[in-house]
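So the structure is just underneath, and the comments pick up after that.
The values are calculated or read from the model by the stated rules, or taken from the named source; none is laboratory data. Model, not experiment: these values are computed from the prediction. Neighbour counts run over all protein chains shown; Cβ positions are idealised from the backbone, glycine included.
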Amino acid sequence: MRTALFLLLLLAFAAIPGSLVPQVTADPNGVRAYEIQNPTLYPILDALGVFNTYGSVWFSAIYLLLFVSLIGCIIPRARHHWGALRSRPPRTPARLERMAGFSTASGQADAAAALSSATSQLKRLGYRTETFGASVSAERGYLRETGNLVFHMALVGILVAVGFGGGFGFTGQRIVVEGSKFVNAEGDYDTISPGRFVDTDDLSPFRIVVDDFEVRYEAENKNAYGQAGGYVAHVTNTLADGSTQKAQIKVNEPLEIGGTQVYLLGNGYAPTVTVRDPEGTVVWTDDVPFLPQDANLTSQGVIKVPDGLAEQVGMIGFLYPTVATLPSGALASSFPDLNDPVLSLQVYAGDLGINDGEPKSVYALNTADLTQLAGRKDALKLTPGETVDLPDGLGTIELSADIKRFVSLDVHRDPAQGWVLVFAILVLGGLLTGLFVPRRRVWVKVVETGGGDIRIEYAGLARGEDPTLDAAVADIAAKHSTALGLKVDS
Amino acid sequence: MTQTLETYSLFAIYSAMAVYALAFIAFTFDLARRAAPAPVSASVGAATAVGGRATALLERLATDAPVPDSGRTTSRPLRVAMALTVVGWVLHVAADIMRGLAAGRVPWANMFEFSMTATAIVVGVFLLLQFWQDFRFLGAYITGFVLILLGLATVNFYVAVVPLPDALQSAWLVIHVFVASLGTGFFAIGAGLSIAQLLQSRRETSGTGPRFLDTLPNAEKLENLAYRVILVGFVFWTFTLIAGAIWAERAWGRYWGWDTKEVWTFIIWTIFAGYIHARATRGWRGSRSATLAIVGFGAVLFNFTIVNLFFKGLHAYSGL
């Protein structure tokens with residue numbers, strides 16, 4: 001117990017640092033920000049593994065030790081309990097006077113009848129009984145220890161299932177624009193983190209087409225003006241056998257498909273942009289996901305046109321769904337919905353650095369080696385359906401009338417998730433029975449005092465926490481003696 | 001309609017706070033009365049002198065006289081305090097219900113509403129437990145604690161009714177948060193009993209400490225009561241943890257992600273698991289386990305206030 005207590009408190013203590021600094025797993029950008037803000041402290045904390053507290057050696061060591069001690073505790077206890085479950089209640093103690101709730105009843109009654117009625121009464125109450133001479137020894141509440149063992153074993157079960165799920169599951173993210181599709185294959189993910197034992201060539205095959213994305217913005221309630229809600233992604237899925245069905249994905253309502261869950265975790269605008277050369281030939285067209293920057297969905301995106309124009313062209317764009325002009329003259333968005341959208345573009349020309357085949361983020365443009373053709377002040381401005389000239393007579397650029405939205409989907413597969421739930425329910429069930437079922441022994445002894453008189457003795461013994469033992473023994477004594485026409489001596 | 005109800009709700013909560021303040025004062029008077037030396041001998045003399053009214057007075061004395069180790073003492077300030085607490089609680093619950101009606105959902109979706117509902121549940125648990133044991137000596141602690149939280153909430157956390165964000169639109173909001181508050185209520189009572197236990201055991205060993213302790217159960221009884229109350233809290237907390245994980249799986253795509261709030265819920269669970277083990281550990285019964293219970297409740301408060309307000313995480317629903 002001392003070891004368990006020590007390790008439990010140590011575990012509680014060790015979990016604290018992970019809540020104080022950002023964690024790589026939950027908030028990688030936060031970790032980077034922390035590194036910039038605390039350049040001296042960062043390397044020390046990083047060396048200690050604090051940014052990955054819950055995967056660190058020291059944290060793992062504590063909980064693994066805790067579980068080792070737990071297993072070391074439950075094995076002998078389970079063995080002992082197995083024996084106890086099959087054994088009979090032990091012999092009645094010679095002297096009951098010092099036991100809990102000791103009371104007596106005396107008077108004229110048949111000793112054998114008193115004994116047999118005690119046995120049947122205790123049996124009805126769920127006691128296991130055994131007669132020793134002129135006494136009944138009874139025990140109940142074996143479920144307490146069973147529950148206790150189930151609780152602790154289920155905790156081990158959770159740990160094993162979580163580990164298993166981590167090894168055999170995967171998570172992946174993908175941004176999908178309305179009208180386009182996503183296939184559950186490694187290459188089609190933006191990011192994917194498979195478990196150690198996952199064969200990513202063998203993901204369950206399915207395809208999701210995002211037909212439409214729905215969202216509402218609060219315009220009535222002044223206190224929540226612009227608050228977004230009612231997200232629904234209408235999708236069409238196709239399974240390996242070619243069967244197709246319509247479905248919806250909402251927040252709190254993931255889509256179950258092929259043993260995998262698909263969650264709707266984010267959204268934004270993906271305007272369709274078309275670039276033409278001076279002759280009017282389309283050289284580039286695409287739906288460009290713009291990442292939201294603030295609550296009113298001022299969104300930033302990058303357009304890279306590698307071929308077809310006189311030079312490679314890169315653009316940094318800002319989309320203002322409902323454009324407003326700040327006193328400084330800068331543009332901003334005043335509402336997240338597309339009430340009055342404007343796309344502004346800063347244009348750069350030169351080597352985009354994508355020819356050497358090195359993968360580059362589609363959301364960032366390194367402008368160090370580029371020439372600025374249009375900057376913040378003279379940025380190109382487009383409204384839906386509008387076409388404007390690119391600087392230096394490079395060509396034209398068009399913003400399509402219909403501004404699409406994208407959804408960001410999280411795809412998870414955790415084959416052990418159901419097991420974690422089963423064990424969690426066992427934890428709760430084990431806890432309830434292990435804490436609240438009283439384990440107790442009760443004895444009823446009949447002593448013949450001569451002349452047909454008997455004295456009945458009642459007593460109990462708590463095995464573990466049992467605050468209601470006295471009351472229980474008193475209740476048994478009262479019922480039993482009353483049935484025999486006797487009264488409990490006060 | 002929404003705004004009217006919202007205003008009524010605020011009016012009711014201020015009224016509840018005023019009534020709780022009076023209850024707190026009455027509870028304090030009761031503690032002071034308990035601290036006074038038992039006036040038995042002097043009053044008996046007076047009673048015989050008055051003669052005819054002696055019986056009535058003696059009867060009252062019998063009920064008023066401190067019964068050591070039972071904690072079942074009663075007095076006018078105590079009865080007034082309990083009555084005021086009930087009235088305050090009715091107003092409090094009414095405020096909560098009106099807030100819920102104004103919002104058209106359960107009234108626990110931001111920091112202000114959490115505080116209002118959780119404190120209503122804490123007082124509810126306090127009142128409910130009276131049917132089982134006489135815990136009225138904790139009245140000053142509970143009403144004082146609730147008053148401070150409500151004051152902080154209405155002054156600093158007040159926000160007007162806003163629609164529920166999508167992530168909170170789930171049946172789990174109702175279950176998970178309600179049971180967490182229920183667990184908090186039991187932990188609060190448990191911590192109060194543990195504080196009383198620490199004071200009591202000091203008084204038992206060294207004779208120092210406030211005199212009103214003489215009217216409370218002895219340290220061992222207090223410890224047993226605290227243990228049983230905290231066990232119930234622990235079961236609720238376990239359920240909260242599991243329900244939260246199920247909800248997190250639906251809303252965020254993973255059942256456990258070491259989000260700051262998850263971490264602290266886990267820390268609290270571990271502390272109270274330690275508390276339960278401490279009772280079965282030699283040398284840890286008594287004051288040490290009482291300290292653990294108080295630390296555990298401190299972590300609950302930390303989780304509810306500091307973590308909600310200052311820590312970055314997914315449970316960012318404080319609405320501030």
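Residues in segment A:425-439: is at least one out of contact with any Asp or Glu (no Cβ under 8 Å at 6 or more places or on another chain) and not in a helix (DSSP H, G or I)?
yes
Report, by residue number, each residue of segment A:201-223 that is charged (D, E, K, R) and either away from chain B (no Cβ under 14 Å) or under 28 Å from A:Gly259 (Cα atoms) (or both). Even if it seems obvious, please write down each step before you answer.
The initial filter retains those residues of segment A:201-223 that are charged (D, E, K, R), namely A:201-202, A:207, A:211-212, A:214, A:216, A:218, A:220, A:222.
A:Asp201, A:Asp202, A:Arg207, A:Asp211, A:Asp212, A:Glu214 - these are the residues of segment A:201-223 that are charged (D, E, K, R) and either away from chain B (no Cβ under 14 Å) or under 28 Å from A:Gly259 (Cα atoms) (or both).
Name the pairs whose Cβ atoms lie under 6 Å apart, with the first residue in segment A:400-411 and closer than 12 Å to A:Glu178 by Cα and away from chain B (no Cβ under 11 Å), the second of a type in the set (Asp, Glu) and in a strand (DSSP E or B), and 6 or more positions between them or separate chains?
From segment A:400-411, the pairs are A:Lys404/A:Asp287.
Could you list all residues from segment B:122-134 that are farther than 13 Å from B:Thr85 by Cα and either aromatic (Phe, Trp, Tyr) or part of a helix (DSSP H, G or I) (or both)?
Matches in segment B:122-134: B:Leu129, B:Phe131, B:Trp132.
Can you pull out every residue in segment B:130-146 that is over 10 Å from the mean Cα position of the chain (by Cα) and buried (at least 20 other Cβ atoms within 10 Å of the Cβ)? Working first, answer last.
Looking only at segment B:130-146, we keep the residues that are over 10 Å from the mean Cα position of the chain (by Cα), and these are B:130-137, B:140.
Within segment B:130-146, B:Phe135, B:Arg136, B:Phe137, B:Ala140 meet the criteria.
How about segment B:302-316: which of its residues are facing chain A (nearest Cβ under 9 Å) and either within 22 Å of the chain's Cα centre (by Cα) or not charged (D, E, K, R) (or both)? Before you say what the answer is, go through the steps one by one.
Taking segment B:302-316 and keeping what is facing chain A (nearest Cβ under 9 Å), we get B:307, B:311-314.
Of everything in segment B:302-316, those that are facing chain A (nearest Cβ under 9 Å) and either within 22 Å of the chain's Cα centre (by Cα) or not charged (D, E, K, R) (or both) turn out to be B:Val307, B:Phe311, B:Gly313, B:Leu314.
Just to verify a result, which residue in segment A:22-45, among those that are within 10 Å of chain B (Cβ to nearest Cβ) and either crowded, with 18+ Cβ neighbours inside 10 Å or touching an Asp or Glu at 6+ places or on another chain (Cβ under 8 Å) (or both), is farthest from A:Cys73 (Cα to Cα)?
For segment A:22-45, the residue satisfying everything is A:Asp27.
If A:Ser490 passes every condition in (1) outside the structural domain of A:Ala114 (by TED's automatic domain parsing); (2) within 30 Å of B:Tyr227 (Cα to Cα); (3) among the hydroxyl-bearing types (Ser, Thr, Tyr) but one, which one does it miss?
So the condition that A:Ser490 fails would be (2).
Part of a strand (DSSP E or B), under 25 Å from B:Ala251 (Cα atoms), in contact (Cβ under 8 Å) with a residue 12 or more places away in the chain and more than 14 Å from chain B (Cβ to nearest Cβ): which single residue out of A:Leu291, A:Leu297 fits that description?
Of the residues listed, the single one that is part of a strand (DSSP E or B), under 25 Å from B:Ala251 (Cα atoms), in contact (Cβ under 8 Å) with a residue 12 or more places away in the chain and more than 14 Å from chain B (Cβ to nearest Cβ) is A:Leu291.
Considering each residue of segment B:302-320, count those that are closer than 20 Å to A:Val21 by Cβ and part of a loop (DSSP other than H, G, I, E, B), and give that number.
Matching residues across segment B:302-320 total 6.
Within segment B:228-240, restricting attention to residues that are at the interface with chain A (Cβ under 7 Å from one of its Cβ atoms) and either hydrophobic (A, V, I, L, M, F, W, C) or touching a Ser or Thr at 6+ places or on another chain (Cβ under 6 Å) (or both), which residue is nearest to A:Val50 (Cα to Cα)?
B:Phe239
Of all residues in segment A:422-475 being surrounded by fewer than 17 Cβ atoms within 10 Å (Cβ to Cβ) and of a type in the set (Asp, Glu), which is farthest from the other protein chains (Cβ to nearest Cβ)?
Result: A:Glu448.
When you scan segment B:241-258, do you find a residue that is more than 8 Å from every other protein chain (Cβ to nearest Cβ), surrounded by fewer than 17 Cβ atoms within 10 Å (Cβ to Cβ) and either over 23 Å from A:Phe151 (Cβ atoms) or not aliphatic (A, V, I, L, M) (or both), even just one?
no
Return the residues of segment B:261-301 that are at the interface with chain A (Cβ under 10 Å from one of its Cβ atoms), assigned to a helix (DSSP H, G or I) and of a type in the set (Phe, Trp, Tyr); say none if nothing qualifies.
B:Trp264, B:Phe266, B:Trp269, B:Phe272, B:Tyr275
Filter segment A:300-333 down to the residues that are closer than 21 Å to A:Ala270 by Cβ and part of a loop (DSSP other than H, G, I, E, B), then identify the one that is farthest from the chain's Cα centre (by Cα).
Of everything passing the filter in segment A:300-333, A:Pro306 is farthest from the chain's Cα centre (by Cα).
Could you please give the count of residues in segment A:440-470 that are within 25 Å of B:Gln133 (Cα to Cα) and either without any contact (Cβ under 8 Å) to a residue 24 or more places away in the chain or of a type outside the set (A, V, I, L, M, F, W, C) (or both)?
Going through segment A:440-470 one residue at a time, the tally reaches 9.
Specify which of the listed residues (A:Ile476, A:Ile425) is hydrophobic (A, V, I, L, M, F, W, C) and more than 30 Å from B:Trp237 (Cβ to Cβ).
Exactly one residue qualifies, and that residue is A:Ile476.
Which residues, taken from segment A:124-140, are among the charged types (D, E, K, R) and in contact (Cβ under 8 Å) with a residue 12 or more places away in the chain?
Once the filter is applied, which keeps residues that are among the charged types (D, E, K, R) and in contact (Cβ under 8 Å) with a residue 12 or more places away in the chain, segment A:124-140 yields A:Arg128, A:Glu130, A:Glu139, A:Arg140.
Tally time: how many residues in segment A:375-409 are surrounded by fewer than 19 Cβ atoms within 10 Å (Cβ to Cβ) and part of a strand (DSSP E or B)?
Looking only at that region, the number is 7.
For segment A:259-285: of the residues being surrounded by 15 or more Cβ atoms within 10 Å (Cβ to Cβ) and farther than 25 Å from A:Leu319 by Cα, which is farthest from the other protein chains (Cβ to nearest Cβ)?
Here the answer is A:Thr260.
For segment B:29-59, enumerate the residues that are closer than 30 Å to B:Thr117 by Cα and either modelled with pLDDT of 95 or more or among the aliphatic types (A, V, I, L, M) (or both).
B:Leu31 - this is the single residue of segment B:29-59 that is closer than 30 Å to B:Thr117 by Cα and either modelled with pLDDT of 95 or more or among the aliphatic types (A, V, I, L, M) (or both).
Within segment B:109-126, identify whether any single residue is surrounded by fewer than 22 Cβ atoms within 10 Å (Cβ to Cβ) and modelled with pLDDT under 95, and answer yes or no.
Looking through segment B:109-126, none of the residues is surrounded by fewer than 22 Cβ atoms within 10 Å (Cβ to Cβ) and modelled with pLDDT under 95.
Scan segment A:50-59 and give yes if some residue there is within 14 Å of another protein chain (Cβ to nearest Cβ) and under 30 Å from A:Phe132 (Cα atoms), otherwise no.
Among the residues of segment A:50-59, not one is within 14 Å of another protein chain (Cβ to nearest Cβ) and under 30 Å from A:Phe132 (Cα atoms), which makes the answer no.
Of all the strands (runs of 3 or more DSSP E) wholly in segment A:60-140, which have at least 2 residues that are under 36 Å from the mean Cα position of the chain (by Cα)?
Working: elements: A:100-108, A:128-132, A:135-140.
Ranges flagged: none.
Taking A:Ile175 and the conditions (1) under 28 Å from B:Ala171 (Cβ atoms); (2) buried (at least 19 other Cβ atoms within 10 Å of the Cβ); (3) not hydroxyl-bearing (Ser, Thr, Tyr), which numbered condition does it fall short on, given that it satisfies the others?
(1)
When you go through A:Leu11, A:Leu7 one by one, which is the residue that is in contact (Cβ under 8 Å) with a residue 12 or more places away in the chain and either more than 7 Å from chain B (Cβ to nearest Cβ) or over 20 Å from B:Thr260 (Cα atoms) (or both)?
Just a single option satisfies the conditions, and that option is A:Leu7.
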